Amino acid sequence: MSHSEDRASLSDYRTALTAPGSRGPVVASLLARLPIAMIGISALLYVQRETGSFAVAGLVSAGSLVGVSLGSVIQGRLIDRFGPTRPLLVTAALFTVAMVSLVFAIEAHAPTVPLVLLAGGIGITEPMVGSASRALWTRLLPAGSPRNAAFSYEAISMEVFFILGPGLAGLLVAAPWAGTGMVAGAACMITGSVLFALSPTVRAWGSAEQRGGRLLGALASPGMRTVALAALGFGMVIGFVEVAVPASATEAGFPTVGGLLLSAWSVSSVAFGVAYSLRPWPRPMRLRLPFLLGGFGAFVALLAVPSSLWGLALGMLLAGAAITPQSTTHSAAIELVAPRGTAAEAFGWVLTAVTLGLAFGQSVSGYLVEHSGPSAAFLAAGAAGLLMAAVVWIRHRTVRALPEDTPATSAELALT
């Protein structure tokens, strides 16, 4: 991918979003992905409201994220093999059952272990419309700047959902029933997933030719593993913050403000993300990954400094500027490093890495918040981001383009 192809203009966004066959899947995908942040934050606040413990809430949230980390790769491979329709319809049905079971368990004040296991079931069965949507662009658009604009759109739209999701979660947790946000989000996700799966463009996505020897699949590429490490660090930092910010709001006596504060960094993320896609920097992808992650970690560490919620909100705006550039970079890097025929699975590995990082960050942050306060969690988040940036820098030379005809089976021979 040349540097000129790596950037996107506003006209490229228009070309991508008006491509033949894109309207139905785009609208359905928006509906399916809108509650992604809402469900997680709603579940965390719901469990905390019922149990009175941020530590338990963090473990339950982490359980769902571990489930997502498993389900994203499994579903990615199934989507690459069979197309999205059948996998998404099956997972939507299973997700419905898992969500109802978790609600009943929370209402019954079940012990922590069953809650974590049920949350894991929700994560595994959560329909991975994001992976399918991102992979669909490779079928609708040829390689070049319009396709890169489509990938940027995917990342930017997710950040819009991260603006709306936590804010809605924070408001709905104050409803007469604290589980309102989680159930409403699940209903939205199920509806969007079914509509996406049944749209004509998606149903025309036929089965792929079966390939053998794909034990590692997309992750067989050394560059893909480096991208996954960058995504892991990215998720770690966010995971720490997603527990520390609501805890800061609760400590200040304004518990319902926590979700709104989490929305603050998504505001700057979207605004800066659009500008960044027009002229990304650093230009080489291998340098961009560690640079953005390290900067993110440094900005988040500064969140330990403010002594008021207004100061924390300003710090969140600053840190948020690094979120969408990382998401778009991960997505663009997949184009370079993923073996042929593994588009959905490759994005699934990125989701897996992010969610594992979120799970780690949230669980450790819950402990730090209860024993040392939110400031300790912010400092730990910064340290985690800087450490993972150093690891990605050590491996940065692996982020290079594979030969265009490299399938997953050949990439497995390039293990380093």
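What to note about this one:
- For the stretch 20-46, residues that are open to solvent by less than 10 Å² (accessible area, probe 1.4 Å) and part of a loop (DSSP other than H, G, I, E, B) total 2.
- Residue in the stretch 305-314 that is within 19 Å of PHE234 (Cβ to Cβ) and either touching a Lys or Arg at 6+ places or on another chain (Cβ under 6 Å) or crowded, with 21+ Cβ neighbours inside 10 Å (or both) present: no
- Selection within the stretch 173-201 - open to solvent by 10 Å² or more (accessible area, probe 1.4 Å), under 22 Å from VAL97 (Cα atoms) and part of a helix (DSSP H, G or I): THR180, VAL183, ALA184, ALA187, CYS188, ILE190, THR191, VAL194, LEU195, LEU198
- The lone exception for GLY253 - which of (1) in a helix (DSSP H, G or I); (2) without any contact (Cβ under 8 Å) to a residue 24 or more places away in the chain it fails: (1)
- Scanning the stretch 354-378 for residues that are in contact with a Phe, Trp or Tyr (Cβ under 8 Å, 6 or more places away or on another chain) and of a type in the set (Val, Ile, Thr) yields VAL354, VAL364, VAL369.
- Of note, VAL267 satisfies the criterion of being in a helix (DSSP H, G or I), among the β-branched types (Val, Ile, Thr) and open to solvent by 20 Å² or more (accessible area, probe 1.4 Å).
- Search result, residues across the stretch 339-351 that are open to solvent by 20 Å² or more (accessible area, probe 1.4 Å) and not basic (Lys, Arg): GLY341, ALA343, PHE347, TRP349, LEU351
- The C-beta contact set for the stretch 373-391 (first residue under 10 Å from ALA298 (Cα atoms) and free of Cβ contacts under 8 Å to residues at least 12 places away in the same chain, second residue open to solvent by 10 Å² or more (accessible area, probe 1.4 Å) and polar (S, T, N, Q), distance under 8 angstrom, 6+ apart or interchain) is empty.
- Restricting PHE296, PHE291 to those that are open to solvent by 10 Å² or more (accessible area, probe 1.4 Å) and either among the aromatic types (Phe, Trp, Tyr) or touching a residue at least 40 places away in the same chain (Cβ under 8 Å) (or both) reduces the list to PHE291.
- Within the stretch 381-416, being assigned to a helix (DSSP H, G or I) and at pLDDT below 95 holds for HIS396, ARG397, THR398, ALA408, THR409, SER410, ALA411, GLU412, LEU413, ALA414.
- Of the residues making up the stretch 365-377, those that are modelled with pLDDT of 90 or more and open to solvent by 50 Å² or more (accessible area, probe 1.4 Å) are SER372, SER375.
Every residue, every condition in (1) over 19 Å from SER157 (Cα atoms); (2) in a helix (DSSP H, G or I), yes or no:
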{"residue": "PHE272", "(1), (2)": "no, yes"}
{"residue": "ARG286", "(1), (2)": "yes, yes"}
{"residue": "PRO306", "(1), (2)": "yes, no"}
{"residue": "GLY315", "(1), (2)": "yes, yes"}
{"residue": "GLU335", "(1), (2)": "yes, yes"}
{"residue": "VAL350", "(1), (2)": "no, yes"}
{"residue": "GLN362", "(1), (2)": "yes, yes"}
{"residue": "VAL369", "(1), (2)": "yes, yes"}
{"residue": "LEU379", "(1), (2)": "yes, yes"}
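Residue-wise test of (1) without any contact (Cβ under 8 Å) to a residue 60 or more places away in the chain; (2) touching a Gly at 6+ places or on another chain (Cβ under 7 Å); (3) more than 30 Å from PRO200 (Cβ to Cβ); (4) not hydroxyl-bearing (Ser, Thr, Tyr).
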residue	(1), (2), (3), (4)
LEU94	yes, no, no, yes
VAL97	yes, no, no, yes
SER101	yes, no, yes, no
ALA105	yes, no, yes, yes
LEU118	yes, no, yes, yes
SER131	no, yes, no, no
ARG134	no, no, no, yes
ILE156	no, yes, no, yes
GLY165	no, no, no, yes
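- Test: residue in the stretch 352-360 that is surrounded by fewer than 24 Cβ atoms within 10 Å (Cβ to Cβ) and out of contact with any strand residue (DSSP E or B) (no Cβ under 9 Å at 6 or more places or on another chain): yes
The values are calculated or read from the model by the stated rules, or taken from the named source; none is laboratory data. Only a predicted model underlies this, so the values are computations on that prediction, with no experimental measurement involved. Virtual Cβ from ideal backbone geometry, glycine too; neighbours counted across all protein chains shown. The protein model used for the area step is the full one, side chains on, heavy atoms only, and it has no ligands, DNA or RNA in it. Shrake-Rupley method; radii C 1.70, N 1.55, O 1.52, S 1.80 Å.
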